[in-house]
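The values are calculated or read from the model by the stated rules, or taken from the named source; none is laboratory data. It should be emphasised that the depicted structure is a prediction, and the values quoted were computed from it without experimental measurement. Ideal geometry is used to build each Cβ from the backbone, glycine not excepted, and the neighbour counts take in all protein chains shown.
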Amino acid sequence: MAICMFWPNSGTNLADFIVFLFLILLSSLWQLIVFLLARRFKTSRIIWAILFLFPSLYLTFDIGYHSLPQVKIRQIIRDGRLSEIPKSAKNLKVYTWHTLFSGESFLCFEASPAEIQKFISGSDSLKDVEPKVYSENRMRIPYPLNYNGDLTHDYFIPDTMAPKWLKEELRNKGRVYEIPFIGERGHNSGIVIIDDLSNTVYIKVVWS
């Protein structure tokens, strides 16, 4: 059952799946060792049960804790080296997906133009980043099926793993800031998209 639950997120990544099987093996060996020790030393059933179930209980608690929206938001802010979300922010949305070696985190909120600018100015990763500015004359849109090399607009490939509420497209007034990666392996890069018409901020941080 555990393999089936894990497969949708990592079935396309053979390395992730192999590591996952390895972790299952380690967990099984742990439970076998505990069982043998319990039988040898005649450990009480309560202690045996605690030791036997400890890995599962720990993983359940850990997964439950890190699935809390506020915990996810703090993680995105930390990984993206961004400023704290304005206290006046509303309509917060958060979504994450990950495997053992890769993942993406998404965050969305609405705030006043002044609060959004304060958020941008206070974000360490955006200090020296010049935004790309968009309007009706220069839009940020997906590549058309028959792209002919037109440079009138900026084109991008939609993120198929992103939630439906993520607005990658800007056809009116808006800005885009690129979050630079850190380290030689390119960890924690991303993008901040600001829709200046609706005063909405969309954040994507990539971990790999």
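Things worth noting here:
- Consider segment 95-126 and keep the residues that are aromatic (Phe, Trp, Tyr) and out of contact with any Phe, Trp or Tyr (no Cβ under 7 Å at 6 or more places or on another chain). The one that is surrounded by the fewest Cβ atoms within 10 Å (Cβ to Cβ) is Phe101.
- Residues that are β-branched (Val, Ile, Thr), assigned to a loop (DSSP other than H, G, I, E, B) and assigned by TED's automatic domain parsing to the domain that holds Lys173 do not occur anywhere in segment 100-121.
- Qualifying residue in segment 174-187 (condition: over 24 Å from Arg78 (Cα atoms) and assigned by TED's automatic domain parsing to the domain that holds Lys93): yes
- Matching residues, segment 74-93, being closer than 15 Å to Gly190 by Cα and either surrounded by 18 or more Cβ atoms within 10 Å (Cβ to Cβ) or of a type outside the set (D, E, K, R) (or both): Gln75, Ile76, Ile77, Asp79, Gly80, Leu82, Ser83
- Residue in segment 147-155 that is surrounded by 14 or more Cβ atoms within 10 Å (Cβ to Cβ) and either more than 24 Å from Trp207 (Cβ to Cβ) or in contact (Cβ under 8 Å) with a residue 40 or more places away in the chain (or both) present: yes
- Unique match (being free of Cβ contacts under 8 Å to residues at least 24 places away in the same chain, part of a loop (DSSP other than H, G, I, E, B), in the same structural domain as Glu110 (by TED's automatic domain parsing) and farther than 24 Å from Phe101 by Cα) among Pro158, Pro144: Pro144
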